[in-house]
Amino acid sequence: MTPSQFLARLKKRDIPPAVLLLGPEAYERRRIKEACTIAFPEGTVAQHDLAEFSLAGILDDARALSLFASERLIWVVNAEAALPRGRSDEEESESAGSSSDGAALAAYLKDPTPGVAMVFEAIRFDFESDDKRKQDRVRKFYAAVPDVVELRRFASHEARAEAESLARRAGFRIDPAALDLLVEALGADMARIAVEIEKLALYAGARSIGVEDIASLVPDARATTIFALVNALGRRDRARALAILDTLTREGEYLPLALAFLSSQFRLALAAREAGLKSAQQIQGHFARMGVPMWGSRADQVYQTLSKFAKPQLEGALKLIFEADRGLRDARPDDRVIMEQFVLKLTA
């Protein structure tokens, strides 16, 4: 079930006795939680954390009849914590207890308490790469819950459409190019986009938001301008690359810093290509396991760079970056001329 389908059911007061929210998308999870909270009277919503509370205890709470409310919502976070531990663990007795918890949940859902709805949040694992196997374990444990809402990350075009809708509802105008930059700068992370749109609504007033506003007010937007240079270089679009370089110069960007960003981008893309990574999610997970934390937006940028350059081209680009860096370190260099020569060589 998609988040939109579940929200439509909530509007019709078709609320199942148990729902599993599966996946990392924070924006849709927040919308669902707000809608669920509105659907139940004040004072009838309880939250439990399975990292601190047992599933058996939560089921006892669900069975308890309230003297004051005929309907109750029990919101359960860290649903993954209820999964049985591996048999290699020393705490095997605890593992057996967790398995019996799964059976207890199934028994409860055969005869759920009328008017009580439980929502289980399992947001730790994604739908791809190594996370998929772990997520499948979550699905199996909560197999008795028939209603599963998949919280998948927004594709870029979906994030753009939702961001446009949010801006319209917030009552301000945003230029199409500025909207594109906002989505690209934040890696189509809808939760972060929603926060920035709230800020832009306060800033905009009666005026329209343009590209300059996004570059000034939104975190990562300056890095996105440099990333646009990477994109232009990947397309071998010399004119566009030189135009972006001119923009960076006029904005006062410290060009050795821009070159350092380019170097980091190409090195990460080369490492990702050598590791055989095939999506932004795989890239983010791979570098996180190596101890290199990475925002989802940065992982998406690395993936796009990887997709535009073959391995020999990435290696050649790094050599040109080394030459440009050495030139920028010379006595009294003209930074712009050196960067223009770098662009000309890379797009030859």
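Residues with amide H under 5 Å of Ala18's amide H, sequence separation 5 or more or different chain, H placed in the peptide plane at 1.01 Å from N; which?
Amide H neighbours of Ala18, under 5 Å, 5+ apart: Met118.
Stretch Glu164-Glu315 to full length: gain in nm at 0.36 nm per residue minus the Cα-Cα span?
On the way: separation 151, 0.36 × 151 = 54.36 nm, distance 3.90 nm.
Difference between extended and current length: 50.5 nm.
Looking at the chain, identify the longest residue range that excludes and avoids all GluC sites (Glu not before Pro) in DSSP loops having at most 12 other Cβ atoms within 10 Å. Don't jump to the answer; show the numbers that get you there.
Details: sites that count: Glu42, Glu52, Glu90, Glu91, Glu251.
Between the exposed loop sites, the longest stretch runs 92-250.
What is the fewest-to-most order of Ile197, Ile226 by other Cβ atoms lying within 10 Å of their Cβ? Don't skip to the end; give the middle numbers.
Values: Ile197 24, Ile226 20.
Neighbour counts put them in this order, fewest first: Ile226, Ile197.
Return the subset of Lys110/Lys140; Lys311/Lys345; Lys132/Lys311; Lys33/Lys132; Lys134/Lys199 for which the Cα-Cα distance in this structure is over 26 Å, preserving the input order. The partial results should precede the final answer.
Working: Lys110/Lys140 17 Å; Lys311/Lys345 17 Å; Lys132/Lys311 28 Å; Lys33/Lys132 24 Å; Lys134/Lys199 36 Å.
Where the Cα-Cα span goes over 26 Å, the pairs concerned are Lys132/Lys311; Lys134/Lys199.
Considering Cα pairs under 8 angstrom that are at least six residues apart, work out the relative contact order of the chain and quote it in whole percent. Don't skip to the answer; put the middle values down first.
Values: 454 pairs, mean separation 55.5, N = 348.
Here the relative contact order equals 16 percent.
Could you work out the helix-only [θ] at 222 nm for the chain, with each DSSP H run of four or more residues adding -39,500 (n - 2.57) and the total divided by the number of residues, to the nearest 500 deg cm²/dmol? All intermediate terms of the calculation are to be shown ahead of the outcome.
Numbers: 16 runs with 211 residues, N = 348.
So the helix-based figure for the chain works out to -19500 deg cm²/dmol.
Quick one: 3J(HN,Hα) in Hz for the range 156-161, Karplus 6.51/-1.76/1.60 with θ = phi - 60°, rounded, Gly and Pro as x.
Values per residue, Gly and Pro as x: 4, 5, 5, 5, 5, 5 Hz.
Which order results if Thr249, Thr2, Thr113 are arranged by neighbouring Cβ count within 10 Å, fewest first? The partial results should precede the final answer.
On the way: Thr249 15, Thr2 12, Thr113 18.
Ranking Thr249, Thr2, Thr113 by Cβ neighbours within 10 Å, fewest first, gives Thr2, Thr249, Thr113.
Could you tell me the relative contact order of the range 156-217? Use alpha-carbon pairs under 8 Å, at least six residues apart, and round to a whole percent. Spell out each step's value before the answer.
Values: 61 pairs, mean separation 27.6, N = 62.
RCO, the range 156-217: 44 percent.
Could you compute the FRET efficiency for Ala46 and Leu10, with r as their C-beta to C-beta distance and R0 at 22 Å, rounded to 0.05? Walk me through the numbers on the way to the answer.
Details: r = 18 Å, r/R0 = 0.82.
My answer for the efficiency is 0.75.
With a cut-off of 8 Å between alpha carbons and a minimum separation of six or more residues, what is the relative contact order of the range 3-150 in percent? Can you show the working numbers first?
Details: 206 pairs, mean separation 56.8, N = 148.
With pairs under 8 Å counted, the relative contact order is 38 percent.
Which listed residue (Ala201, Pro112, Ile174) has the Cα farthest towards the positive end of the charge dipole for the chain, taking +1 on Lys and Arg C-beta and -1 on Asp and Glu C-beta about the Cα centre?
Ile174
Each reported figure results from applying straightforward, stated rules to the coordinates on display, with no laboratory input. Computed from a predicted structure; not experimentally measured. In this analysis, Cβ positions are derived from the backbone assuming ideal geometry, glycine residues included, and neighbour counts consider all displayed protein chains.
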